[in-house]
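The values are calculated or read from the model by the stated rules, or taken from the named source; none is laboratory data. The structure displayed is predicted, hence computed values, not measured ones. Here the Cβ is made from the backbone with ideal geometry for all residues, glycine too, and neighbour counts use every protein chain on show.
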Amino acid sequence: MYIVHIASELAPIAKVGGLADVVYGLAKATAAEGHQVEIILPKYDSIRYPLLQNLQPHFRDLWSFDGPYPCHNTVWSAKSDGLNLLLLEPHHTNYLFGRGRIYGCNDDVDRFIYFSRACLEYLFKSGKKPDIIHLHDWPTALIAPLYKEMYIPLGFSAGGIVLTIHNMEHQGKCAPANISRAGLRGEEYLAAEKMQDPSHPLLINLLKGGIVYSDALTTVSPTYEKEVLSEGGSSLAPLLKKQKIKGILNGIDSNYWNSSSDPLLSYHFGSENFFRGKAVNKTELRKRLGMKESAGPLVAAIARLVPQKAPELIESALLHTLEKEGQFVLIGTSPIPEIDKHFRALQKQLSRNKNAAFFLEYDEALSHLAFAAADMVVIPSHFEPCGLTQMIALRYGAVPIARATGGLLDTVFDVDDPKVSQEKKNGFLFEAPTAEELSKTLDRAFAYFKNQGKWELLVAQGMKQDYSWAKSTSAYIDIYKKFSNPKMVLAI
Ligand code: ADP
């Protein structure tokens, strides 16, 4: 099959969060099964260009539109980690992707609406015939209605459109005039059966457009599937119930995230020698972050500091860990100025405490070292569609301490849960999103940590569990096949 992903992020060259890892992991896993896979991304100025190979102009003069105005673009081809990339560069007066960042501009909706139209224009003009166009979240969801309403009538055809919802929190709400800039008559789409936002009837909802017009919908874990279909899920729940969405658990790329061969680690280890591996990586991490040596548990939090991730609980975990003579490393960035300011103030306040370290920037290599060094990783999220940090943590011998929600419930199994089989147990879960519950759970974990024999068994068991893409890839391929084979489409 010929599969084209159109996305706003891709690990490790343009990553904000898990979406980037998922596009990378799924593309690699499907390519490894022999499918032809391409990924189209904006050519951000912030791409990690040294990681690209063979970057060259591939389609020099692509003309697309911004409202009535023709706009010139160049599509570049490149390779990243064996993946085939196409990078769309608009020569637009607003420097759409030259902002030093992926998201967080006032005109994000316009930037990605422009990108969506230009991607379809490229596929159409270049004569490509993908079996599957796979879209990811609101930034590229508009491609589904554009394809059905504009490009099929123009004579372009693809086998099917798949939309994966990684996170319902952001839906791309905008005025009808915004989508008119992509060539659709905005007012016409302000209808309940099209793209009208269910809660704000004067607004267009880009994610809803993707839901209504795609051929298949997936989300990133079985529990998140239930959550988005539930009444409290979002105002799109009734629509999702009608459209049928399938929750497929994300995997992690088991070559990229491999403690026994990770090129970003200077000391490798597996489940058989993790004790030594932890000790060496801890020393390196502590040296790098100016921490002292300690026999206490080393707890890490590696997350975007946004309300979803419960920054207030991350802070209480930090304070509780210090109180219990553990060490805490926080690696995180916040796009929200107040949260950023708050953590910078806390960092200053604790600057003399050699048991705590803050790194309030994005640093891929440091995150790998922190996973390798940590005894535990805390993930207290208010909601978590899938979450990758717990799976990465398990693979690097760090025990997850997580809130029982979304994909965390599908991957973390509490050591004290009598309903869970012994071989599945791999971490600690708590229900209520309160500092008290989290502290109690940290105390359970610290007590377990003190019993070296029990701890060794728990860590080794977690490291051996399989959270690779293997199972999930075949679930995606089954969906792709339905649309790439016309006979099967008739049978649906
Ligand atoms: P989300 O997609 O909601 O951010 P996930 O758990 O699915 O959450 O994925 C987060 C990914 O981003 C993980 O690979 C994590 O290691 C990484 N990450 C988050 N913050 C940072 C940071 N400051 N530096 C490096 N990696 C980070």
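Applying the criterion of being within 16 Å of the ligand (Cβ to nearest atom) and small (Gly, Ala, Ser) to the residues of region 285-311, the residue that is nearest to LYS324 (Cα to Cα) is ALA300. Which condition does LEU51 not pass, out of (1) surrounded by fewer than 16 Cβ atoms within 10 Å (Cβ to Cβ); (2) in contact with an Asp or Glu (Cβ under 7 Å, 6 or more places away or on another chain), if it passes all the others? LEU51 satisfies all of (1) surrounded by fewer than 16 Cβ atoms within 10 Å (Cβ to Cβ); (2) in contact with an Asp or Glu (Cβ under 7 Å, 6 or more places away or on another chain) except (2).
Residues that are away from the ligand (no atom under 15 Å from the Cβ), in contact (Cβ under 8 Å) with a residue 12 or more places away in the chain, assigned to a loop (DSSP other than H, G, I, E, B) and not acidic (Asp, Glu) within region 215-265 comprise GLY233, SER234, SER235, LEU236, LYS244, listed in sequence order. If you filter region 97-114 down to residues that are in a helix (DSSP H, G or I) and acidic (Asp, Glu), you find that the one that is surrounded by the fewest Cβ atoms within 10 Å (Cβ to Cβ) is ASP110.
Residues are listed down the side, and each one gets a yes or a no for (1) over 24 Å from THR411 (Cα atoms); (2) out of contact with any strand residue (DSSP E or B) (no Cβ under 7 Å at 6 or more places or on another chain); (3) at pLDDT 95 or above; (4) among the charged types (D, E, K, R):
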{"position": "LEU202", "(1), (2), (3), (4)": "yes, yes, yes, no"}
{"position": "ILE211", "(1), (2), (3), (4)": "yes, no, yes, no"}
{"position": "SER235", "(1), (2), (3), (4)": "yes, yes, no, no"}
{"position": "PRO238", "(1), (2), (3), (4)": "yes, yes, no, no"}
{"position": "LYS241", "(1), (2), (3), (4)": "yes, yes, no, yes"}
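If the condition is being charged (D, E, K, R), closer than 15 Å to LEU26 by Cα and loosely packed, with under 14 Cβ neighbours inside 10 Å, then region 225-255 contributes no residue at all.
Mind telling me which of the residues LEU62, LEU86 ends up being away from the ligand (no atom under 16 Å from the Cβ) and either without any contact (Cβ under 8 Å) to a residue 60 or more places away in the chain or exposed (fewer than 13 other Cβ atoms within 10 Å of the Cβ) (or both)? After applying the criteria, what remains is LEU86.
Taken over region 374-402, the criterion of being more than 10 Å from the ligand (Cβ to nearest atom) and in contact with a strand residue (DSSP E or B) (Cβ under 6 Å, 6 or more places away or on another chain) is satisfied by ALA374, ASP375, MET376, VAL378, PRO380, ALA398, VAL399, PRO400, ILE401, ALA402.
Looking across region 26-41, the residues that are among the small types (Gly, Ala, Ser) and either part of a helix (DSSP H, G or I) or under 19 Å from ALA78 (Cβ atoms) (or both) come down to ALA27, ALA29, ALA31, ALA32. VAL23 passes every criterion in (1) of a type in the set (A, V, I, L, M); (2) within 16 Å of the ligand (Cβ to nearest atom); (3) crowded, with 21+ Cβ neighbours inside 10 Å; (4) in a loop (DSSP other than H, G, I, E, B) apart from (4). A single entry from ALA445, ALA460 fulfils the requirement of being within 24 Å of ILE331 (Cβ to Cβ) and part of a helix (DSSP H, G or I): ALA445. Residues in region 386-430 that are over 17 Å from MET376 (Cβ atoms) and surrounded by fewer than 24 Cβ atoms within 10 Å (Cβ to Cβ): 11 in all. Checking each residue in region 1-20 for being in a loop (DSSP other than H, G, I, E, B) and under 15 Å from TYR362 (Cβ atoms) picks out GLU9, ALA11, PRO12, ILE13, LYS15, VAL16, GLY17. Looking only at residues in region 342-373 that are assigned to a loop (DSSP other than H, G, I, E, B) and either within 12 Å of the ligand (Cβ to nearest atom) or within 22 Å of the chain's Cα centre (by Cα) (or both), which one is modelled with the highest pLDDT? Per the criteria, the residue is LEU360. Residues that are charged (D, E, K, R) and under 17 Å from the mean Cα position of the chain (by Cα) within region 28-53 comprise just one, LYS28.
Being within 16 Å of the ligand (Cβ to nearest atom) and under 24 Å from TRP138 (Cα atoms): is that true of GLU9 here? Yes, satisfied. Quick check on ILE331: is it surrounded by 17 or more Cβ atoms within 10 Å (Cβ to Cβ) and either touching an Asp or Glu at 6+ places or on another chain (Cβ under 8 Å) or closer than 19 Å to GLY18 by Cβ (or both)? The answer is yes for ILE331.
Among the residues of region 243-284, those identified as modelled with pLDDT of 95 or more, over 20 Å from HIS166 (Cβ atoms) and under 25 Å from the mean Cα position of the chain (by Cα) are ASN258, SER259, SER260, SER261, ASP262, PRO263, LEU264, LEU265. If you check GLY326 against the conditions, is it surrounded by 16 or more Cβ atoms within 10 Å (Cβ to Cβ), within 30 Å of LEU203 (Cα to Cα) and either over 26 Å from the mean Cα position of the chain (by Cα) or modelled with pLDDT under 95 (or both)? In short, no. If you scan region 115-148, which residues turn out to be assigned to a strand (DSSP E or B) and either modelled with pLDDT under 95 or touching a Ser or Thr at 6+ places or on another chain (Cβ under 8 Å) (or both)? Those that are assigned to a strand (DSSP E or B) and either modelled with pLDDT under 95 or touching a Ser or Thr at 6+ places or on another chain (Cβ under 8 Å) (or both): ILE132, HIS134, LEU135, HIS136.
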